[in-house]
């Protein structure tokens, strides 16, 4: 995967927090979501919501070092209970349903997920950076 991009929502929250305009509370849990089109900074992509067997999955990260952090657990979606189509992007969200997009990234190679298939993100494959 490529390094993640920050959503407009998170950019504004981080800016407000860092200049003392408004505090930003850390999400209790963050979730990985799969997309068939780019979520964009404005959260306009097409998530696989409504596909049989699909649900956002909890993802955790190691502590940031050098302005970057990576996932410290493997995350697996599925098995799909129908054809999910081509997964092109992933997003990190602050809720298991609805909520706000925090980060998003394009896969280095789109992956088709058919009926009975799973989608896995290995440990360390999802990199976030503020550089």
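Here are the numbers for this structure:
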| item | result |
| --- | --- |
| Computed label-point distance, nm, for sites residue 40 and residue 98 using a 7 Å Cα→Cβ extension | 2.2 |
| Rg(Cα)/(2.2 N^0.38 Å) for the chain, N = residue count | 1.05 |
| Listed residues 91, 66, 99, most fluctuating in the chain (Gaussian network, C-alpha, under 10 Å) | 66 |
| Cβ-based exposure ranking for 130, 14, in which fewest neighbours within 10 Å come first | 130, 14 |
| FRET efficiency for residue 117 and residue 17, using Cβ-Cβ distance with R0 set to 35 Å, rounded to 0.05 | 0.30 |
| Most mobile listed residue (47, 106, 82) in the chain, GNM with C-alpha springs under 10 Å | 82 |
| Ellipsoid equivalent to region 90-131 - semi-axes via the Cα gyration tensor, in Å | 21, 16, 9 |
| Crossing angle, helix 8-18 versus the chain [Cα axis fit, 0-90 degrees, rounded to tens] | 30 |
| Helical contribution to [θ] at 222 nm, DSSP H n ≥ 4, -39,500 (n - 2.57), averaged over the chain, rounded to 500 | -2500 deg cm²/dmol |
| Sites residue 8 and residue 29, calculated FRET efficiency, Cβ-Cβ separation with R0 22 Å, nearest 0.05 | 0.55 |
| By average C-beta atoms within 10 angstrom, highest first, the peptides 15-22, 114-121, 74-81 | 74-81, 114-121, 15-22 |
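A short reminder: the numbers here are calculations on the coordinates, not readings from a lab. Predicted model, so just to flag it, every value in this text is computed and none were measured. Ideal geometry is used to build each Cβ from the backbone, glycine not excepted, and the neighbour counts take in all protein chains shown.
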